[in-house]
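K.L.:
The structure's right below; bear with me while I get my questions together.
All of the numbers you see were taken from the coordinates with simple rules; none came from a lab. Quick caveat, the model's predicted, so the values are computed rather than measured. Here the Cβ positions follow ideal geometry from the backbone for every residue, glycine too, while neighbour counts run over all protein chains shown.
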Amino acid sequence: MYVSPKPKIIYLQDLINSQEFQNTNAEMPIIFGCDTNKNIVVQDLTTIPHLLIGGKTGSGKTMFLQTVLYSLSAKLTPKQCRFIIFDTKNYGYKNWNTDKHMFVPVITNTDQIIPMFNKILEMIDSRYETFTAANVNNIREYNALGNNMPMMVVIIDEFADFMGLAPNDTTNFVQTVCAKARATGIHLLVATQMLTADVLSNAILSCFPARVAFNTRTTAESVQLLGEPGAQRLLPFGDILYADAGRYPIQIQTPYPEI
């Protein structure tokens, strides 16, 4: 079904400089890459608004998340958007610790996970209380009054570690954020190489209508992540299938995030 010709390397900086990205009307634009017709694909995180990313080790998940961060930081100031990154592998995000978009330094210590989960959930409740006091329904209406509440992007990489460490707390956190956080401008992106039912339970999958599949080890893993086969035939690095709200997946080559 899916044919993946050997691609030419796509560099993120070229896409950031493109007219498609520079002129986008997206509120929180994310560069996904180029589709099979060589069209640049830019999505608006506010319409996604949470994203599940899966694929085998080394397939490009962390680089895709770097692309997300670079895309947002290229368009939005730290007053408009802040990042919270969970990286228990302590692998791919050290360069972000000095960036002004960071709400806190990259979280690598497992002892900090649950306290930060709780802090984010408290932030959601606090923002709703602020909206009620201002007689508005969401962050856009609140900021339209002249306020400056930043969007928040929360990244979890690698999700299987969190489900192994504290499955109930993690599931509750994901369900609460995905159910309540859109109006508050808080967006969750989760990446995992473990595409099994104990990690991607029905409770977790139901929270993420939008999904990105990198190359998977087996057909069964593709079905677990996307609901259909295909990802097992993708190129092993940077090639993805993107499915949004049950629509037929589109094939995209993601860029190399060398900035």
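K.L.:
Give me the net charge of K79's neighbourhood, meaning all other residues with Cβ under 14 Å from the Cβ of K79; Lys, Arg count +1, Asp, Glu -1.
P.N.:
+2
K.L.:
If you don't mind, there's one more thing I want to ask. Taking the highest mean first, how do the peptides 167-174, 63-70 order by number of other beta carbon atoms within 10 angstrom per residue?
P.N.:
63-70, 167-174
K.L.:
Turning to a different aspect of this structure: Just rank E158, E141, E258, fewest to most, by other beta-carbon atoms within 10 angstrom.
P.N.:
E258, E141, E158
K.L.:
Next question, about the same structure. So what is the relative contact order of the range 58-161, in percent, for Cα pairs below 8 Å that sit 6 or more residues apart?
P.N.:
Dividing the mean separation by the residue count of the range 58-161 yields 38 percent.
K.L.:
What is the range 133-192 by shape, rounded, prolate or oblate, if you read a ≥ b ≥ c off the alpha carbon gyration tensor as root eigenvalues and call it rounded for a/c under 1.5, prolate for a/b larger than b/c, and oblate otherwise?
P.N.:
Here the range 133-192 falls in the prolate category.
K.L.:
Could you work out the relative contact order of the chain, using alpha carbon pairs under 8 angstrom and six or more residues apart, expressed as a whole percent?
P.N.:
So the answer I get is 29 percent.
K.L.:
Continuing with this model, one more query. At 222 nm, what helix-only mean residue ellipticity would the chain give, in deg cm²/dmol to the nearest 500, using -39500 (n - 2.57) for each DSSP H run of four or more?
P.N.:
-9500 deg cm²/dmol
K.L.:
Distances over 16 Å make up what percent of all Cα-Cα pairs in the range 29-75?
P.N.:
Summing the P(r) tail past 16 Å for the range 29-75 gives 45 percent.
K.L.:
Could I ask something else about it? Which value, to two decimals, describes the C-alpha radius of gyration of the range 37-161 once divided by 2.2 N^0.38 Å?
P.N.:
In units of the globular-protein estimate, the range 37-161 measures up at 1.16.
K.L.:
Give the Cα extents of the range 100-153 along the principal axes, in whole Å, largest first.
P.N.:
38, 23, 11
K.L.:
How big is the charge dipole of the chain about its Cα centre, in debye rounded to the nearest 20, if each Lys and Arg gets +1 on its Cβ and each Asp and Glu gets -1 on its Cβ?
P.N.:
For this selection, approximately 380 debye.
K.L.:
If a/c stays under 1.5 just call it rounded; otherwise compare a/b with b/c (prolate if a/b is bigger, oblate if not). Do that for the range 1-105, with a ≥ b ≥ c from the square roots of the Cα gyration tensor eigenvalues.
P.N.:
oblate
K.L.:
Something else: Looking at the chain, which Cys residues are left with no other cysteine's beta carbon under 4.7 Å from theirs?
P.N.:
C34, C81
K.L.:
Now, a different point. Looking at the range 164-259, what % of the alpha carbon pairs are farther apart than 15 Å?
P.N.:
Cα-Cα pairs in the range 164-259 separated by more than 15 Å: 64 percent.
K.L.:
Next question. Could you list, bin by bin from short to long, the percent of Cα-Cα pairs of the chain in 5 Å steps?
P.N.:
1, 6, 14, 17, 20, 18, 13, 7, 3, 1, 0, 0
K.L.:
Now a separate question. Taking the Cβ of I16 as the center, what net charge do the other residues with Cβ under 13 Å away carry, scoring Lys and Arg +1 and Asp and Glu -1?
P.N.:
Here the count lands on -2.
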